[in-house]
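All of the numbers you see were taken from the coordinates with simple rules; none came from a lab. Remember, it's a predicted structure, so these values are computed and weren't measured experimentally. Heads up, the Cβs are rebuilt from the backbone with ideal geometry, glycines too, and the neighbour counts pull from every protein chain shown.
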Amino acid sequence: MEFNAYWELLLEIKENSDVEQYYDEMLRPLFKDVIKHINNVKVVPTYDTRNYRKENNKYGVITGSKENFVWADYIFVPTKYTHINPLKPYVKVEFKRPNFIIDKNTKKIQYCSIIDTARNLGLNKFKNEIEGELEETPLILTDGIEWYFFKSKEDLLKNNNDNKISLLKKENIIRKGSSISYAKIIENPNHEFTMLKNNLASFIEKNIK
């Protein structure tokens with residue numbers, strides 16, 4: 001999967017539906033592309049599995065707790081994983097709907113980062129959700145534009161570019177006190193997208209146990 005195809009899908013889904021589950025059309029092809037050279041790993045969507053948690057209490061192996069059901073949206077797991085016999089994931093992915101608009105007149109992108117969106121929605125709730133997901137396994141947090149790679153709770157919400165890749169470059173804030181910035185696609189997006197795929201693959205491989 002290349003950047004242009006990915007970005008066109010993101011814009012199409014944003015315009016036509018903008019519902020988190022429908023971004024699966026964009027994310028799963030990316031994930032499958034990333035892991036095609038990694039042995040004994042597959043990606044499984046779990047964004048709706050939480051609705052069946054009462055009937056499937058064996059899924060505690062995924063969440064890390066039979067009492068505290070904190071569900072990620074995707075999991076990278078051994079290939080022998082099945083919904084009947086779930087296994088502990090290597091890595092979880094938490095996806096949040098991207099928060100941006102494109103001005104029809106100026107074509108400028110107005111973007112609120114995933115972390116700033118979380119702060120606006122209530123940082124404590126967001127933090128508790130992500131900390132819950134970090135109880136057992138490493139976590140990738142993304143809105144499809146920004147990608148954070150968390151190996152521990154200590155990594156959560158650090159202002160550290162070492163564990164982050166962004167496909168947009170934020171410019172000036174729209175107005176004082178706003179968390180929305182003008183943004184543009186980064187220079188050489190194909191190179192950055194390749195780096196993203198490499199980082200995803202490396203992060204998954206390092207956490208195969």
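Net charge in the neighbourhood of Trp7 (other residues with Cβ under 13 Å of its Cβ; Lys, Arg +1, Asp, Glu -1) is -3. Placing a pseudo-label 7 Å from each Cα along the Cα-to-Cβ vector at Asn16 and Lys108 gives an inter-label distance of 3.0 nm.
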